[in-house]
Amino acid sequence: MQLPAQQVAVLEAASADEAESVDALAAATDLPPETVTGAVFELEEVGLVAVAERVDETIALTDEGVEYADEQLPEVRLYEAALEAGGDSDPVQMGRVIGASGLEGPQVDIALSNYARKGYGVIDSGEITADPDADPSADAEANALETLSGADDAAVESVDVDADTLEELERRGLLERTESTVREVTLTERAVTELMAGLETAETVGQVTPELLTSGEWEDVEFAEYNVEADAETFEGGNVHVLRQMSERVKDVLVGMGFQEMDGPHADADFWINDCLFMPQDHPARTHWDRFALEQPSHIDELPEDLVERVERAHREGIGEDSEGYHSPWDEDFARALALRGHTTSLSTRYLSGEEIGEIEPPARYFSVEKAYRNDTLDATHLLEFYQIEGWVMAEDLSVRDLMGTFEEFYAQFGIEDIQFKPHYNPYTEPSFELFGTHPTTGELIEIGNSGIFREEMLDPLGVECDVMAWGLALERLAMLTTGAEDIRDLHGTLADLEFLRNAEVTY
Amino acid sequence: MPTVDIDPDELRELTGREEKSDDELKDDLFGLGLEFEGLTEDGEFELEFAPDRLDRLSVEGVARSMRYQYGDARGVHVPSPNSAEWTIEVDESVPDERPYVTGAVIRDVNLDEDALDSLIQLQEKLHATMGRKRAKGAIGIHDLTMLKGGDALRASENASGDEPRAGSATEGASTIQYVGVEPDGDRFVPLDSDEEMTPATVLETHQTGQTYADLVSGYDRYPAIYDDIGLFSFPPVINGRRTEVSTESRDLFVEMTGTDQWTIDKMLNIVCYALSARGATIEDVTIAYPDHELVRPDLSTKTKTVAHSRIETILGIDLDPDEVIDLAERSGLEATKSEDGETDDESTITPLEDRDGLEERGAAEGSETSQTTDGTASSGALVYDVTIPPYRVDVLHPLDVIDDLGRAYGFNDLEPTYPDVGTVGGRHERSRLERAVRTQLVGLGFEDLLNFHMSNEEENYERLEIAPGSDAYGAGEPATIKEPYSEDYTILRTWLLPSLMMVLERNTHRSYPQHLSEIGFRAALDDSENTGVGESRHVGAVLANHDAGYEDAKARLQALARNFDVDLETPPTEHPAFISGRTASVVIDGEDVGIVGEIHPKALIEYDLEVPVAAFEFDLEALR
């Protein structure tokens, strides 16, 4: 009979009279236990060995159990402190006793909850008594801890502790039971016959080698079987950051919808960030508390003079006879001050003005997915730096219906249907809408963007003579909605947990 | 966004809709753009609103809007004030920084607890919004019976030491004076106090005074209002106790001071409308400036001319003129049809005189499409003269009227359409390059990171032992944040390596190897840029493992260089963050654009790392 080498080795090490454990066979054959186990199962299959299984239960103290074995159970310490304080004659203040016992933190609760149960005394209205008849040295749990403290992974049968006490210790988390399956192997009669007839070792091959292939030997060999179900080693390949994946996805969608991408400065003049947007200079969002103004450098060198003049006039007088402008101060020095852009709409104003890539002729669609900076409180839904999706469509005679249709189409790409449009106010758009969508999993109505048709007072100074509708939203918010992430900080920044990034689900 | 507290019972009473349940009210309020945030401790609705309709900052204004919404009110209503008995005389001594004042007298007001609370809330909310925290406009409301009118000569004496002027008030009328006083020029008892103090003392010791001290502390003279008895108001800081309003008050004197006449006049209108809704009578006040006189409140309406075609374009639907007029009335406006020819031409054509092509445009489009982009129309087209009530502060342009019409129509009743406009989409070149390099890095096994652009000097320079402005790679002078609130975020990072090291530092409990990369924004001062800030993207990478070394980093750099078909050289260099003799400049196509090497053990210790780290960083543009 021909058998693989490890099976032959196991058969030769096993006996027909005495059951041998897998570990013992592994020691005898000098093979790893898992190889022996595999060989044993294969031999059992062909009826050469009989396998008996039994479950061994071992017990060991937990770290907490070891601690109490060393320095007594908390309730015993409490009892001794209560005795010391005279609690055997009169009830004493519990706080004082706890102090004297040296118990701290969760140990106090543990002591109190076991104290009365074990008859050490009574705890009532903040006072404690100690039963003079109680005897810590007869405490079954304490004694069991002592017994077990020397015996690691002892078989249950071998320790001299009653089952109830073991159960109680386990309930208190002081003891852990471990079950292990022990397989014992005996040779069958057939095996004995085969052994006497003589066994041959069949050649098995672990690895396909160049030699094996070129020599043609591969035709005669048997390939060792693998446990193909076992987990392989963890492999950490590279991943594109989850938020980048989301940003790529958004860019794909927008490019597919005919949008061109914009790019431009992060540190920019307030003129481009706010004044060109027809944001009055005394608007609360332009105060120190919301923006990251720059100390150095503090001002932009140059702004297009004629544009500055037109923007200032729009702020002061409005556009057209029936228009009023703002009753707010306007100062060029304030407009020239630099800040980290609070929204990427500064890119839109630069592009619309013709300053960035020259005059843009309608129809046109532009977008960016870039960082904006806002001086907000850092929490689960707000970051100081976030990615803003910004987009606009320029065409003759756009209506709010076009705006609604465009945004419904965009959000539908991310599975967000039933967009609602809540009329809203922005200084630079009219009409304006906050966009609400239904969360795909929770069904909640959630704000997912802000939109509107740019005002005449904004577009006219920029030299735009047709309609422009625009919208913006935070990429992080879209990512949270579509990935179900709950804390924005997991997604973004140096607090990143590699484990989170390595395990993040791919977005496509 | 701001919030306003509204008592639902009062809302039911003022709208006359007693039958409305709380939930129905919430829905109706949402329709107005007032979002229910929750209940206050007193069971009032806390409503969040967008800061345009400041006439809805109190229950009276919200009730007015709801009556229009329900169709219980239509068109424009303007209260008729009685003629002026009181004059506010503005003295030459008034501080230049706060020259404007306005006012009104309110008679026969029934101020129960609710009405008084509502008035106080309205005052606070107006301060917070239009008043720009009292800087632009501040409101003082006084019990009129406590005021004694006169020519207030005493005030002038105290004010500036000038020769007393003769009172300019009309014979028989009562006059109070708006003046400037020396910081310690007079004394009065402010609200919430029993002590007489000078304005300067108020700013130092009174709680409200301390809060608003910044508004006036730079003035030479402080604003003050006097009646015949003496100083009774110290705007914009605090009123005197003598004229405090209570539920017993029947007649009120309202004054407002500020930096802009229009702003305080509009704030005054909103207050007058709110009190008028409570049944009070408004009475004019004469404002006597040194060189001119005004009668206030200014309850005149404004007219905007709105083109029918523009309404249809913006809403994307066809409308009958009667429908437009109906929508206007339901918005609390009034619209009358008018052919464009009947109105003044000047008011309906956008002045585009400084723009090329205007004449051709006018000639070519003439009578056909006929509208200009600002919502007005050129000759012959149907337009509406729309009357805007005096409490509206948000109608700057005819477009704002169209928004009102759309709201009344119901924007959500409009059918969305996808605009039939073809455009070609595409990515910016920089963004395509970034994506291509990122794909390569991930293929080389790097975990792509996304770190903050803001940092601080310690993280950006000190922990890696480089000095700002030194020759070391990454050590550019930083763009700095003005008055930062957090010491963690005071500059824009000048390079990426510190961010990557921080991520290694926070992940020492995670398995190795840790190969991290980032293609990220960085910035440093650069005089040649218009903004003074040179912004660019760097490619940064770290390899942390028990056997990581220079070769590992260089091998990956070489792979990148090969794939982007650029020429890579790595001549030796020195850098404080790297081990001497194991550091090289990254020279791509002959230009020195980065650094590669093994991180110095001192830095490894600094970041609590127990494994070697090899790293490289270079300018993304070098691969272009």
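The values are calculated or read from the model by the stated rules, or taken from the named source; none is laboratory data. Just so you know, these numbers come straight off a predicted model, no measurement behind them. Cβ: placed from backbone, ideal geometry, glycine included. Neighbour counts: every protein chain shown. In case anyone asks, the SASA skips ligands and DNA or RNA and just uses the protein heavy atoms, side chains included. Shrake-Rupley method; radii C 1.70, N 1.55, O 1.52, S 1.80 Å.
Of note:
- Residue among B:Leu191, B:Val295, A:Thr442 farthest towards the positive dipole end of the protein assembly as shown, charges placed on Cβ: B:Val295
- A:Lys371 long-range amide H proximity, modeled H, under 5 Å: A:Gln388
- Computed magnitude of the charge dipole of the stretch A:436-508 (debye, nearest 20; Cβ of K, R +1, Cβ of D, E -1): 180 debye
- Heavy-atom surface of the protein assembly as shown, accessible at 1.4 Å and reported per residue (Å²): 43 Å²
- On a per residue basis, the convex hull of the C-alpha atoms belonging to the protein assembly as shown measures out at 284 Å³.
- The heavy atoms of A:Tyr68 present about 10 square angstrom of accessible area, all protein chains included, probe 1.4 Å.
- Charge dipole magnitude, Cβ of K and R +1, D and E -1 - the stretch B:3-70, Cα centre, debye nearest 20: 480 debye
- Amide H contacts under 5 Å for B:Thr583, placed H, 5+ residues apart: B:Thr573
- Ordered from highest to lowest accessible area with the whole protein assembly present and a 1.4 Å probe, B:Trp262, B:Trp495 read as B:Trp262, B:Trp495.
- Accessible area of A:Glu261 (1.4 Å probe, protein heavy atoms only, ligands and nucleic acids ignored): about 10 Å².
- Volume per residue for the stretch A:65-178 equals 98 cubic angstrom (convex hull of Cα atoms).
- Here the Karplus curve 6.51 cos²θ - 1.76 cosθ + 1.60, taken at θ = phi - 60°, turns the phi angles of the stretch A:42-53 into couplings of 5, 5, 5, 4, 8, x, 9, 9, 10, 10, 10, 10 Hz, with x standing for Gly and Pro.
- Apportionment of accessible area to carbon and sulfur, the stretch A:289-394, percent (1.4 Å): 41 percent
- Taking the Cα atoms of chain B, the ratio Rg/Rh between the radius of gyration and the Kirkwood radius comes to 1.12.
- For the stretch A:265-343, the alpha carbon positions stretch 40, 26, 19 Å along the principal axes, listed from largest to smallest.
- Computed lengthening from B:Glu124 to B:Thr417, 0.36 nm per intervening residue step minus Cα-Cα distance: 101.2 nm
- Per-selection Rg to Rh, the stretch B:170-243 - Cα, Kirkwood hydrodynamic radius: 0.99
- Dipole magnitude of the protein assembly as shown about its Cα centre (Cβ charges: Lys, Arg +1; Asp, Glu -1), debye to nearest 20: 3020 debye
- Accessible surface buried once A binds B (1.4 Å probe; total of both sides; Å²): 9500 Å²
- Under the Karplus curve 6.51 cos²θ - 1.76 cosθ + 1.60, θ = phi - 60°, whole-Hz ³J(HN,Hα) for the stretch B:456-466, x wherever Gly or Pro sits: 9, 5, 5, 5, 6, 10, 4, 5, 9, 6, 10
- Order by protection proxy (mean Cβ within 10 Å, highest first), peptides B:18-29, B:196-207: B:196-207, B:18-29
- Of A:Leu478, A:Leu303, B:Leu444, the order by accessible heavy-atom surface (1.4 Å probe, DNA, RNA and ligands excluded), from most exposed downward, is B:Leu444, A:Leu303, A:Leu478.
- Amide H to amide H distances under 5 Å link A:Val205 with A:Glu222, A:Phe223, A:Ala224, where only residues 5 or more positions off or on other chains count and H is placed in the peptide plane.
- Cβ crowding within 10 Å averaged over residues, with A:337-348, B:473-484 ranked highest first: A:337-348, B:473-484
- Listed values for the stretch B:83-90 are Karplus-derived 3J(HN,Hα) couplings in whole Hz (6.51 cos²θ - 1.76 cosθ + 1.60, θ = phi - 60°), namely 6, 5, 10, 9, 10, 9, 9, 9, and x replaces Gly and Pro.
- Diffusion constant of the stretch B:430-623 at 10 °C, which comes from Stokes-Einstein with the Kirkwood Cα-pair radius and 1.306 mPa s, µm²/s: 95 µm²/s
- Restricting the stretch A:59-135 to GluC sites (Glu not before Pro) that sit in a DSSP loop and have at most 11 other Cβ atoms within 10 Å of their own Cβ leaves A:Glu104.
- Surface composition of chain B: carbon and sulfur atoms hold 42% of the protein heavy-atom accessible area at a 1.4 Å probe.
- The accessible area of A:Asp63, taken with all protein chains in place and a 1.4 Å probe, comes to roughly 140 Å².
- Once the C-beta distance of A:Asp164 and B:Glu48 is scaled by a Förster radius of 56 Å, the resulting FRET efficiency is 0.35 to the nearest 0.05.
- Note on the stretch A:434-489 and the stretch B:267-303: Cα centroid distance 40 Å, given to the nearest whole angstrom.
- Ranked order, B:Lys304, B:Lys554 - accessible area, probe 1.4 Å, largest first: B:Lys554, B:Lys304
- Cross-link table B:Lys133/B:Lys266; A:Lys422/B:Lys133; B:Lys136/B:Lys304, entries beyond 21 Å C-alpha to C-alpha: A:Lys422/B:Lys133; B:Lys136/B:Lys304
- Placing R0 at 41 angstrom, the Cβ-Cβ distance between B:Glu458 and B:Asp192 gives a FRET efficiency of 0.35 after rounding to 0.05.
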